[in-house]
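Student: Here it is, the structure in full.
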Protein chains: 2
Amino acid sequence: MPDFTDRLRPSQPDGPTTLARERGQSNVSVNELGQHLLSSDGFLERQTRILPILRREPLFSKEKQQNLSRPDRFKLALARAKLLRRLTDQYKWSHDDYKMAEYLVDDVSPYFLHMEMFVTTVREQASKAQRAYWMPLIESWKIIGAYGQTELGHGSNVRGLELEARWDNRTKEFVLHSPTLTASKWWNGSLGRIANHSIVVAQLLLPKAGSPGQYLSQGPHQFIVQVRDMKTHQPLDGVVIGDIGPKYGYATMDNAYMLFDNFRIPHSAMLSRYSSVNPDTGVYTKPERPALVYGSLTYVRANIVHHARLVLARAVTIAVRYTAIRRQFQDRDDKNGPEISVLDYPTVQIRIFPLLATTFALHYTGLAMRSVYQSTRQDVEQGDFRSLAHMHSMSSGLKSLCTMLAADGIETCRRALGGHGFGGGSGLIQLNNDYLSKPTVEGDNWMITQQVAAYLIKKMAAAVESPSTPGADKTEAGFKEFIQNKQGSETRHSGYDVLGKDQDIVKSFEMRATALAYDVYEQRVLKKLSWTSLLIQLHKLSKAQSQSILVGTFYEALSADSTLSSSNKIILRDLFRLFALYTMENEGYEFFCCNAVSQADLNNLSARVQDLMTRIRPHAVKLVDSWMIPDYLLDSALGRYDGRVYEDLYNRAHRLNPLNRITFNPNYWEEEIVKGSGDNGSGILSKL
Amino acid sequence: MPDFTDRLRPSQPDGPTTLARERGQSNVSVNELGQHLLSSDGFLERQTRILPILRREPLFSKEKQQNLSRPDRFKLALARAKLLRRLTDQYKWSHDDYKMAEYLVDDVSPYFLHMEMFVTTVREQASKAQRAYWMPLIESWKIIGAYGQTELGHGSNVRGLELEARWDNRTKEFVLHSPTLTASKWWNGSLGRIANHSIVVAQLLLPKAGSPGQYLSQGPHQFIVQVRDMKTHQPLDGVVIGDIGPKYGYATMDNAYMLFDNFRIPHSAMLSRYSSVNPDTGVYTKPERPALVYGSLTYVRANIVHHARLVLARAVTIAVRYTAIRRQFQDRDDKNGPEISVLDYPTVQIRIFPLLATTFALHYTGLAMRSVYQSTRQDVEQGDFRSLAHMHSMSSGLKSLCTMLAADGIETCRRALGGHGFGGGSGLIQLNNDYLSKPTVEGDNWMITQQVAAYLIKKMAAAVESPSTPGADKTEAGFKEFIQNKQGSETRHSGYDVLGKDQDIVKSFEMRATALAYDVYEQRVLKKLSWTSLLIQLHKLSKAQSQSILVGTFYEALSADSTLSSSNKIILRDLFRLFALYTMENEGYEFFCCNAVSQADLNNLSARVQDLMTRIRPHAVKLVDSWMIPDYLLDSALGRYDGRVYEDLYNRAHRLNPLNRITFNPNYWEEEIVKGSGDNGSGILSKL
């Protein structure tokens, strides 16, 4: 319905004018930088090719989805997920194409676990015969599977799982049984409403030789189990399954609970590539290397690390564009001037620009993580397991740090947006709600840092053992050098010039991580302190080590690059410095105590950080443009490329908000809550 | 429907067993501490009296509200809010009783602005005649009002508002007009769907004497305006209003947009207690003291500061109870022992216990803030304005710091809960979503710290001016002492014994704030640096000053108290030390540079913090019990008093989740998404 607001325009200078000016003042080549960041693996080509296909489908419109109830939001997600698969068939999309479409639609797919953990587990853990039977069913989606590991009372500690799989030698079956309520499977995605099959992880119980009626646990093993009827889609007898209910985010995912009551499954259900039970004798064969069984967790962690850059880039894109457009207050020393862009305030810059720099740090480290994963994987396939521990440590530490940087970064950006950051037009609500799962899933961010520390303690012990032999890798070599210097009493300030030489910044980060590793080694190995009492220190060590990796890979990537123009290179070097020095300032006292930086340099850090932000300021909009995140994915009035912030906010409120189609009755002495319609609002009571 | 899961119980030791053991091991007197914290103003009596009345009403059940769509969630909130008013009449509740009921039901009420800003503004800014006319209508809820100040393009900077109120001397009316889209009122609560009246803040435009057709702005003024028809409840001609749509939280609040098209309101609409327009001559009388006009903002900030303790206490209650019950992993040095409570891990303690201590710090500072507000208010009523600047600075700095502590604290607690912290049974989802508005509303947390810094710079300038005269208050006295010592070149380390003397902890915090105030004074006043370039430092100064207030009031409250038993006093002193030393450790380098702590003490802080946490550990459950937060308010499976965590989580999933009443069809080659029911799921498309 037309009204007088149709002819109104925002006050000047409006968003498009401001962004044009911002883009005009920078010599950053967006195209070159975008190619540099996103052309590997055909990411950019794929995004450009698939986006228009999605935009044509009304089902993929994001305009009103924030207004739906959880059940309706789930229905929408399922309809979209089915359509994505049909489009995959129609356009003959590769798996990467499909993943791109899923990324752009931005729903966590109800089929996600089928496509990831279910298929991966069968591929990696099933015997050849099992694979031959199951893989065609999985790939055609004739069956839909999930992955049932965690339980109501048991998360990180897989050995503590309660669900039992007892071998019945008489019938040659396993009997799945949940002895307690806490044994209920819990959180298992895609299983609450959708999957008809699942990998089920249970304690394998085998008859104890010579003690009839007694059983011995061989620890958790994986089984492939049909859990729902293929026609009625009801749970099979002896199985209770359902969706666990609303969560912080992930509204579109049917995370499940699942319990079994003496539920019998055949011998062939146990995934038996590495371990097996002889059906005739009931004798167990254990895996040669237990680490192989849970290798896919490392894969998932490496992916999370690699993905973090795109998540944070979304938030930073929105924050930079909007705070450039948003004006508030005159300069206090020029009270007759115009209102200034809030992005010109150092208090806004200090929240957003270090995060802008972080997107690039995450990018280069994500690439490094992926290449370490791939080369380790190759080694392992060839029977060489030496690099496994390093990869495991690196992926654990980086998963912890990078998801923390991205999750906290989204919220920091949101708050920097002022009031509109709290509104639905920010584009950050679902992103934040969904991403807040990441600090916890696939290894809790505080828990898994122990693995990094344990690795480094071992490395340090080896360095102390033989400080003068060459180190097997960079970390070892650094540790040995530290020990040699220590023995020579050369531990006083190391003289790094962190304000003058980029290479020295890297060394300073390495020095701090090494010194902390030695402290922890000393307390654990020499002073024999209990592991638990050291946990906080172990966490700090992991953080220091991972920050050192981020800083080191960022520096190395810039040093090795020969493709970027010098103007882009200059600004990337400033971003490197900003990321590193801002991080150093926040942990200043730790660097100081580790003799990794001089007090004089430390005192100058905040001025230097502010100076770097001033240098980066003119390029901010073009730098976020380089991440090439399409408006469709951003789904943000504040962050749209063309800058029409206020028109979009108003459109969402005035034309798209279903609440405005209802007229409410404010009179408290009348029970009806809705006026002038057939519905008096009492329907709400029946929904309770 | 009964099934085999009905007979299942959680594994042992279960929640009730664990909490009984926790409560048995501590000598904290919960009753005494609860009275100490909550008996003032009859808070606890009121909670006890009103809770059972609410529990009897099915409408107030929180069981399924997370599953509703935004429109339905709003309907529910309105029905509840009406019932609350009817109960108020029925039980003759006082305003405080009503507020208690609202707090327990935990919906942001659609009538909130009517009850707060609307009535307060009329009471404080209307003339006697205006009050006589409007107050009876307001108190009887015959009219419902809102407060329309912020605009789409204008938040903190009230002077930048665009809406015009032009005086028409011919008709003796004001003409409200929105010249642009950014002039649209925005965010105004209770106005989107409910209110029929509103305070409207607009630029008062008066004819320029001697220049016909030209107007002069007298700045923003307040008008009381009817905006909707009282019968049809449709917006009046020339007014466009609506709800702005879904937000991060506040689903139950109808935040509005509102625009005017040459909309005429009578002369009597302008609130004229302090300023007025002569209807005959069009001549303007300005307020004697402009500060009075926006005094209610300080009131709201003081309330936010006082409320923060209860918000954080909710999160900490949930976190402490659940992490005591939750067990995960054996001790690494005792691999055959039982799984241990995650609350026994220092890495969990370091996240939760400083926040537990913070609830008490917030409590005492909240009380201090309230008493400063009340005494200043009395002074002002008697014409004495000297304490106004102090109160304004204190409330700005504390609003910024305390809402940050509470908002970040909720999320820290949530992450410490592991996987279940992401679930709907955490009780933290709505709390977090709603509370995340607080760092931004009523003065952005980064913006308003300038006011603290400006105040302290003035104080420091006065101290430098005459260092040897007595200071007018504690801050001034401290500044003068600092200047005297500085002149005597006694600035090297001050010798505070922060690990030995509690009083020295307070002094150390004061020293750091004072030293930072001097730095800022030096840069701004002596070196004439631009205000904008100093913003980050100003923010740090405000934070340091506010932390000093928190530490100082906590210490003084314990020193002054003569009612607590010694066992309670001992644990409160440990909480004081934990709060202060943990804060100090996090800002360690700043304290070090300000000579507020010795390097030796600084190096010992983390061991001391861990030692304090070990001392607090046995009392943790009883300490959160002392906040006496009822299960009904917590609405948390994880945090319930009786510890039946897993039974409650399972009940929410298995019996209360509406998604489980729908059977979905997972076959992608069939478009239907729902199987075996009349609804094939295509209804979802019509909602898009």
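Student: When you check A:Asn196 against the structure, is it open to solvent by less than 20 Å² (accessible area, probe 1.4 Å) and closer than 25 Å to B:Ile429 by Cβ, yes or no?
Tutor: So A:Asn196 fails the test.
Student: Quick check on this structure: which one of B:Ala472, B:Ala461 is more than 27 Å from the chain's Cα centre (by Cα), open to solvent by 20 Å² or more (accessible area, probe 1.4 Å) and closer than 30 Å to A:Val342 by Cβ?
Tutor: Step by step, each of B:Ala472, B:Ala461 is checked, and only B:Ala461 is more than 27 Å from the chain's Cα centre (by Cα), open to solvent by 20 Å² or more (accessible area, probe 1.4 Å) and closer than 30 Å to A:Val342 by Cβ.
Student: Which ones in the range A:250-263 are open to solvent by 10 Å² or more (accessible area, probe 1.4 Å) and either more than 7 Å from chain B (Cβ to nearest Cβ) or in contact with a Lys or Arg (Cβ under 7 Å, 6 or more places away or on another chain) (or both)?
Tutor: A:Tyr250, A:Ala251, A:Asn255, A:Asn262, A:Phe263
Student: Report the residue count in the range B:607-652 for those that are out of contact with any Gly (no Cβ under 6 Å at 6 or more places or on another chain), more than 30 Å from A:Glu151 (Cα to Cα), away from chain A (no Cβ under 14 Å) and open to solvent by 10 Å² or more (accessible area, probe 1.4 Å).
Tutor: Residues meeting the conditions: 1.
Student: Still on this structure, I have one more. Scan A:Ile616, A:Ile571 and give me the residue that is modelled with pLDDT of 95 or more and touching a His at 6+ places or on another chain (Cβ under 8 Å).
Tutor: A:Ile571
Student: Which ones in the range B:136-166 are touching a residue at least 40 places away in the same chain (Cβ under 8 Å) and not aliphatic (A, V, I, L, M)?
Tutor: Once the filter is applied, which keeps residues that are touching a residue at least 40 places away in the same chain (Cβ under 8 Å) and not aliphatic (A, V, I, L, M), the range B:136-166 yields B:Trp141, B:Gly145, B:Tyr147, B:Gly148, B:Gln149, B:Gly155, B:Ser156, B:Arg159, B:Glu162, B:Glu164, B:Arg166.
Student: Further question on the same structure: Please determine, by comparing only the residues of the range B:266-282 that are in a strand (DSSP E or B) and surrounded by fewer than 20 Cβ atoms within 10 Å (Cβ to Cβ), which one is nearest to the chain's Cα centre (by Cα).
Tutor: Applying the filter and picking the extreme gives B:Ser276.
Student: Okay, moving on. Answer with yes or no whether A:Leu54 is in a helix (DSSP H, G or I), buried (at least 19 other Cβ atoms within 10 Å of the Cβ) and away from every other protein chain (no Cβ under 14 Å).
Tutor: In short, yes.
Student: Check every one of the helices (runs of 4 or more DSSP H) wholly within the range B:95-192 and list those with 1 or more residues that are within 13 Å of another protein chain (Cβ to nearest Cβ).
Tutor: Passing ranges, in order: B:95-105, B:128-139.
Student: Follow-up question, since we're still on this one. I need the helices (runs of 4 or more DSSP H) fully contained in the range A:467-567, keeping only those with at least 2 residues that are in contact with an Asp or Glu (Cβ under 8 Å, 6 or more places away or on another chain) and within 25 Å of A:Ala368 (Cα to Cα).
Tutor: Passing ranges, in order: A:502-521, A:535-560.
Student: Could you figure out which of (1) in contact with a Lys or Arg (Cβ under 9 Å, 6 or more places away or on another chain); (2) of a type in the set (Gly, Ala, Ser); (3) within 14 Å of chain B (Cβ to nearest Cβ) isn't true of A:Gly337?
Tutor: (1)
Student: Let me ask you something else. Filter the range A:567-593 down to residues that are out of contact with any Ser or Thr (no Cβ under 8 Å at 6 or more places or on another chain) and either within 12 Å of chain B (Cβ to nearest Cβ) or open to solvent by 20 Å² or more (accessible area, probe 1.4 Å) (or both), then give me how many there are.
Tutor: Selection size over the range A:567-593: 12.
Student: Same structure again: Looking at the range B:207-221, can you tell me whether even one residue there is touching a residue at least 40 places away in the same chain (Cβ under 8 Å), under 19 Å from B:Phe118 (Cβ atoms) and either assigned to a strand (DSSP E or B) or within 14 Å of another protein chain (Cβ to nearest Cβ) (or both)?
Tutor: Yes, the conditions are met somewhere in the range B:207-221.
Student: Shifting gears a bit: Residue by residue through the range A:172-192, note down the ones that are touching a Ser or Thr at 6+ places or on another chain (Cβ under 9 Å) and surrounded by 23 or more Cβ atoms within 10 Å (Cβ to Cβ).
Tutor: Once the filter is applied, which keeps residues that are touching a Ser or Thr at 6+ places or on another chain (Cβ under 9 Å) and surrounded by 23 or more Cβ atoms within 10 Å (Cβ to Cβ), the range A:172-192 yields A:Ser178, A:Leu181, A:Thr182, A:Ala183, A:Ser184, A:Lys185, A:Trp186, A:Trp187, A:Asn188, A:Ser190, A:Leu191.
Student: Got a sec? Which of A:Glu522, A:Glu481 is acidic (Asp, Glu) and within 25 Å of B:Ala607 (Cβ to Cβ)?
Tutor: Residue meeting the stated conditions: A:Glu522.
Student: Further question: Among the listed residues A:Leu558, A:Leu564, A:Leu529, A:Leu550, which satisfies the condition of being crowded, with 21+ Cβ neighbours inside 10 Å and on the phi < 0 side of the Ramachandran plot?
Tutor: Only one candidate passes the filter, namely A:Leu550.
Student: Just checking, does the range B:421-434 include any residue being in the same structural domain as B:Ala313 (by TED's automatic domain parsing), open to solvent by 30 Å² or more (accessible area, probe 1.4 Å) and assigned to a helix (DSSP H, G or I)?
Tutor: yes
Student: Follow-up. Scan the range B:672-684 and tell me whether some residue there is modelled with pLDDT under 95, within 7 Å of chain A (Cβ to nearest Cβ) and part of a helix (DSSP H, G or I).
Tutor: yes
Student: Moving on. Restricting the first residue to the range A:599-615 and requiring it to be farther than 16 Å from A:Ile570 by Cα, which pairs with a second residue that is aliphatic (A, V, I, L, M) and at pLDDT below 95 meet a Cβ separation below 8 Å and a spacing of at least six or different chains?
Tutor: Hits for this filter: zero, empty list.
Student: Further, regarding this structure: Could you tell me how many of the residues in the range A:393-406 are buried (at least 22 other Cβ atoms within 10 Å of the Cβ) and either within 13 Å of chain B (Cβ to nearest Cβ) or over 30 Å from A:Val342 (Cα atoms) (or both)?
Tutor: Residues in the range A:393-406 being buried (at least 22 other Cβ atoms within 10 Å of the Cβ) and either within 13 Å of chain B (Cβ to nearest Cβ) or over 30 Å from A:Val342 (Cα atoms) (or both): 9 in total.
Student: Return the pair list, or none, for Cβ contacts closer than 6 Å from residues in the range B:317-337 that are part of a loop (DSSP other than H, G, I, E, B) to residues that are among the aromatic types (Phe, Trp, Tyr), at least 6 apart or on different chains.
Tutor: Sorted first by the residue in the range B:317-337, then by its partner, the pairs are B:Arg332/A:Trp531; B:Asp333/A:Trp531.
Student: Would you confirm whether any residue within the range A:541-548 is under 17 Å from A:Lys458 (Cα atoms) and within 13 Å of chain B (Cβ to nearest Cβ)?
Tutor: yes
Student: Could I ask something else about it? Specify the residue that is nearest to A:Leu581 (Cα to Cα); the eligible residues are those in the range A:502-524 that are open to solvent by 50 Å² or more (accessible area, probe 1.4 Å) and more than 29 Å from the chain's Cα centre (by Cα).
Tutor: By that ranking, first place goes to A:Gln503.
Student: Does B:Thr403 count as in the same structural domain as B:Thr317 (by TED's automatic domain parsing), in contact with a Pro (Cβ under 7 Å, 6 or more places away or on another chain) and in contact (Cβ under 8 Å) with a residue 40 or more places away in the chain?
Tutor: Against the criterion (in the same structural domain as B:Thr317 (by TED's automatic domain parsing), in contact with a Pro (Cβ under 7 Å, 6 or more places away or on another chain) and in contact (Cβ under 8 Å) with a residue 40 or more places away in the chain), B:Thr403 qualifies.
Student: Tell me, which residue of the range A:82-94 that is away from chain B (no Cβ under 14 Å) and not basic (Lys, Arg) is surrounded by the most Cβ atoms within 10 Å (Cβ to Cβ)?
Tutor: Checked the range A:82-94; the qualifying residue surrounded by the most Cβ atoms within 10 Å (Cβ to Cβ) is A:Tyr91.
The values are calculated or read from the model by the stated rules, or taken from the named source; none is laboratory data. Small disclaimer: the values here were computed from a predicted structure and weren't measured. Counting neighbours? That spans all protein chains shown, and the Cβs are built from the backbone with ideal geometry, glycine included. Remember, those area values only see protein heavy atoms, side chains included, never the ligands or the DNA or RNA. Shrake-Rupley method; radii C 1.70, N 1.55, O 1.52, S 1.80 Å.
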